[in-house]
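Values quoted throughout were computed directly from the atomic coordinates according to the rules given, and no laboratory measurement underlies them. Being a predicted model, the structure only gives us computed values, none of them experimental. Here the Cβ positions follow ideal geometry from the backbone for every residue, glycine too, while neighbour counts run over all protein chains shown.
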Ligand code: SAM
Ligand code: FES
């Protein structure tokens, strides 16, 4: 298994069955060494600095019906809200003061936020904070919309592919949603010059190690600048209410493999990881992640953006989250930086 890992770390292509054997390895010693290698690789590229992104969850209206998601259109229990442009700008103002230089606008696929409205919001943020990056995470759109957002100044886009296996995709989504269209969106985003993030949930219902192997093979081919992964966590008002959550251990394995495969990628230790284990985000960093994404949404809406049960940070102010994360990162010898945290290709030079 060590040889396979070295092949991966040299940047060579692996076959899906090689990825699968890696993922299925159960030797704890192997994984302890792999996490250490991934962590060293991250430190060679980023030092002990952790990039932060201020997450603004600006709408929980969604026209899609993903079976796993608490804000799916088919959940009548969801208490819906939208932020105004003014409220979004207030989140940015607070975030800027706290040291955030990237704002992530995330939401359901909400038709109220037409292309024009998104363009206006992106322009307003870029005008007020020209030294900040704007990341959008608002789902599948026509290429023409992505183009307008890009022209308005959006720098990055997050769209997880969720699973690279079309049969598995069909178990997680209703018939109208198709893997091909998501993949086409990712290609469009890349073509338009966005820094693109994709990713998947670990332990989603029906997922097997061969699916995760396909996810890694897809990511190795697509070479996104960012990769967001986190455990699946059930939400009580979805069809997957009774399903088991993904595990910390499997999520850490995948973070480490992703880091060895893409040394310079921006990989967050996600809120979902911090939800399934008290020190999940710290462990994510120690397995090779280099980004955290604390919540900047106004307190009154935090509990309403419930993608899954027991989500952390819904009762804390933005400043509290920033401080909490700074302390958590400090406890493992890392620090939060005030930086846009753009993607820069790494040519194998040691970090200075
Ligand atoms: N609507 C946009 C989209 O679909 O990309 C952005 C919001 S969507 C809720 C963001 C991500 O949340 C999804 O890509 C999915 O991976 C994750 N997510 C949704 N439900 C989840 C759950 N039950 N457990 C863990 N992650 C979940
Ligand atoms: Fe939000 Fe710790 S990061 S309370």
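State all residues of the stretch 99-122 that are crowded, with 17+ Cβ neighbours inside 10 Å, in a helix (DSSP H, G or I) and out of contact with any strand residue (DSSP E or B) (no Cβ under 6 Å at 6 or more places or on another chain); if no residue qualifies, say none.
Within the stretch 99-122, 118, 119, 121 meet the criteria.
Within the stretch 148-171, which residues are closer than 17 Å to residue 109 by Cα and either surrounded by fewer than 17 Cβ atoms within 10 Å (Cβ to Cβ) or more than 18 Å from the chain's Cα centre (by Cα) (or both)?
The answer is 148, 149.
Output the residue which, of all residues in the stretch 292-324 that are away from ligand 1 (no atom under 15 Å from the Cβ) and within 16 Å of the chain's Cα centre (by Cα), is farthest from residue 90 (Cα to Cα).
So the residue we want is 292.
Yes/no matrix, rows are residues, columns are (1) under 24 Å from residue 246 (Cα atoms); (2) within 14 Å of ligand 1 (Cβ to nearest atom):
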| site | (1), (2) |
| --- | --- |
| 135 | no, yes |
| 139 | yes, yes |
| 143 | no, no |
| 164 | yes, yes |
| 174 | yes, yes |
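Just one of 41, 48, 53 is over 30 Å from residue 121 (Cα atoms), surrounded by 15 or more Cβ atoms within 10 Å (Cβ to Cβ) and in contact with a strand residue (DSSP E or B) (Cβ under 9 Å, 6 or more places away or on another chain); which is it?
The unique qualifying residue is 48.
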